[in-house]
Amino acid sequence: MKTKTTKPYIALLLFVLLLSLLSGCGGGNNAENKESNAGKSTNEPTAEAESTAAPEDLSPLTLSFFAEDPNPNWNNMKDDISKVITEKTGVTLDAEFAVGDPQQKIALIAAGGEYPDIISAKGDIGKLVDAGAVVDLTELIDKYAPNIKKVLGDNLARAKYTNEDQSIYSIPTWAAVNEKKFVAGGGFELQHRVLKEAGYPEIRTVQDYENVIKAYLEKHPTDENGNKNIGVSLNADDWHMYISVTNPAVATTGGSDDGEYFVNQETHEAIYHFRRPEEKEYFRWLNHMNDIGLLDRESFVQKYDQYKAKVATGRVLGLIDQDWDYNDAQQALKTAGKFEQTYGHFPVTLSAEYKETSFWPTGFMGGYGISISSTNPDPVRTIKFLDYLASDEGQILNNWGIEGKHYTVENGKRTVPAAIQDRINNDNTAFTKESGIGFYWNMMVHYGDGAKDSTDNYYTKNFPEQLVLGYSDVEKETLAAYKATTWKDLFPKEEEFTEKAYGAAWNIAIPGEDEVSILGNKMKDITWKRIPEAILAKPTDFDKIWDSYMADLEKAGVKKMEAGYTKYVQDRVTLWTAK
């Protein structure tokens, strides 16, 4: 016989059973939804990810931040974008950006014991891992970073440190997800006035490049003020040596961008790229340019600021650089109305047998990214801050700015008002400092150029229609002469190459005390001494200097370094292809 006291328990059991049935139905629907969404692009955000990304604690929190990348326009978070980020997260950054050699700064940080709360260390993450300066982010990402997980998806596996240590010490932020590049910001640069006077000839080889510069200088040895025009200036100040002097030797001879190495795409064996005979001939050409007076005599003694100041005068006819490296100087030319003295980009190679490789696809590279230090006072708030940057709201804010101020939405499409576009085109330095647009790209997990959000708008402004709005009339005239709409139209396309299985070798993390790293520094010291010596020598002495350079490398252990680096490349292929 049942008593009255058993009835509530029976009712409770029935209620729990009903809840479990309802829960089961909901789970089935979620599974169906996941299945139905499985084929959709990962760049379609879910409401769940966005809603859970919002940090609960918005109390003021100041975090120190160090980045190896310079940001001369940083405005101490007084810009428009930073103010919104602080409002949304409570976080303010006390930021420091590398000046001089960033590797030395990271070495000092690693040895100091007191670390910035957030660190963007690029290829020097190994020093910080060895010192115990950064934490494994795997659990923090899993618990508190739904947007980072959503954006990276399966690519999160490419953030693992090594085969032996599969911790995530840095969240990949340099690499973009679902990217289709539209911007050709490298290659060899020529001023528009030089091209126009030459009749817009084909610029395909170093000889083509040399010919138009030589012809222009013969007619115009000085500018309108009587100052001497300069054929080509190189930026060899510290790490800029890689960008303007040594990397082009690979690009002009058919190699992909793998830092200081050339990697065999079949065997994944790596060699120190300077030891390729093809590259010797590229440096012989620079030697020739110096000999005939077309190379800036100050290329190897000028500081970065002097280089930019020289470019800003409009006297430098040609550059071998990346646009982000000389952008401040080009913006100064635009502000001064000297559009004919700004630059176009060309896929120049040593000879026509080679294919320029700027758009060789890497897939998602992993590698360089953002780390949280072991002395960070609040890792949870920090990962939530980084997760906000990875949200759709954060990405659109960083790339486009504030709706109503930096862009509008017309017929469902984000559009930059004409007045804002005019400032971007003609006064970009001041505009960037005020707006803060683009300041956070190396802190945030992000979708790449060409990826669209759920509203069918591009995440970034780097797509053909928008790029064209940023071109001056002079630039459009040059492109039209070459039957092109954007500079990328002149370059070999992604489809002409096979995606690299290891991403890019330059962003493989090498432990700081590894012999490969130690030997790499020795090779750098030798190379940075011998390459300028070879370029500036009399042509009759070039071979002798080059042979001495090669002998120095062998004596210093270059083959041992190559064997060690080969193992790192092959291990990454194994790690990324493991099921």
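The values are calculated or read from the model by the stated rules, or taken from the named source; none is laboratory data. Just so you know, these numbers come straight off a predicted model, no measurement behind them. Here the Cβ positions follow ideal geometry from the backbone for every residue, glycine too, while neighbour counts run over all protein chains shown.
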Can you say whether residue 4 is more than 29 Å from residue 398 (Cα to Cα) and modelled with pLDDT under 90, as far as the supplied structure shows? yes
Where the second residue is assigned to a loop (DSSP other than H, G, I, E, B) and of a type outside the set (A, V, I, L, M) and the first is within 19 Å of residue 423 (Cβ to Cβ) and lies in the stretch 461-479, which pairs have Cβ atoms under 6 Å and are six or more apart or on separate chains? 462/182; 462/449; 467/486
Does residue 278 count as farther than 27 Å from residue 358 by Cα, among the acidic types (Asp, Glu) and assigned by TED's automatic domain parsing to the domain that holds residue 206? no
Matching residues in the stretch 426-456 - criterion: being more than 16 Å from residue 181 (Cα to Cα), surrounded by 18 or more Cβ atoms within 10 Å (Cβ to Cβ) and touching a residue at least 24 places away in the same chain (Cβ under 8 Å): 428, 432, 435, 436, 437, 439, 440, 442, 443, 444, 445
If we scan the stretch 426-443, do we find a residue that is in contact with a strand residue (DSSP E or B) (Cβ under 7 Å, 6 or more places away or on another chain) and modelled with pLDDT under 95? yes
If you go through the stretch 232-271 one residue at a time, how many are assigned to a helix (DSSP H, G or I) and out of contact with any Phe, Trp or Tyr (no Cβ under 8 Å at 6 or more places or on another chain)? 6
Mind listing whichever residues of the stretch 381-425 are among the hydrophobic types (A, V, I, L, M, F, W, C), buried (at least 16 other Cβ atoms within 10 Å of the Cβ) and either within 26 Å of residue 445 (Cβ to Cβ) or without any contact (Cβ under 8 Å) to a residue 12 or more places away in the chain (or both)? 383, 385, 386, 389, 390, 396, 397, 400, 402, 416, 424
For residues that are hydrophobic (A, V, I, L, M, F, W, C) and within 25 Å of the chain's Cα centre (by Cα), scanning just the stretch 301-312, find the one that is surrounded by the fewest Cβ atoms within 10 Å (Cβ to Cβ). 309
For the stretch 163-193, which residues satisfy the criterion of being closer than 23 Å to residue 247 by Cβ and hydrophobic (A, V, I, L, M, F, W, C)? 174, 175, 176, 182, 183, 184, 188, 190
Please give the helices (runs of 4 or more DSSP H) falling wholly within the stretch 43-115 in which 3 or more residues are at pLDDT 90 or above. 80-89
Within the stretch 272-296, can you find the residues that are surrounded by 19 or more Cβ atoms within 10 Å (Cβ to Cβ) and not in a helix (DSSP H, G or I)? 272, 294, 295, 296
Say whether the condition of being of a type outside the set (Lys, Arg) and farther than 17 Å from residue 341 by Cβ is met by at least one residue in the stretch 187-197. yes
Sort out for me the helices (runs of 4 or more DSSP H) sitting completely within the stretch 504-579 that have 1 or more residues that are among the β-branched types (Val, Ile, Thr) and modelled with pLDDT under 95. 515-536, 558-577
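Find the helices (runs of 4 or more DSSP H) located wholly in the stretch 123-223 whose residues include 2 or more that are over 25 Å from the mean Cα position of the chain (by Cα), and list them. Give the derivation first.
Numbers: elements: 125-130, 138-144, 146-152, 192-198, 206-219.
By residue number, 138-144, 192-198, 206-219.
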For the structure I just gave you, tell me whether residue 336 is of a type outside the set (Phe, Trp, Tyr) and surrounded by fewer than 17 Cβ atoms within 10 Å (Cβ to Cβ). yes
Please verify whether residue 462 is closer than 27 Å to residue 370 by Cα and within 16 Å of the chain's Cα centre (by Cα), treating the condition exactly as stated. yes
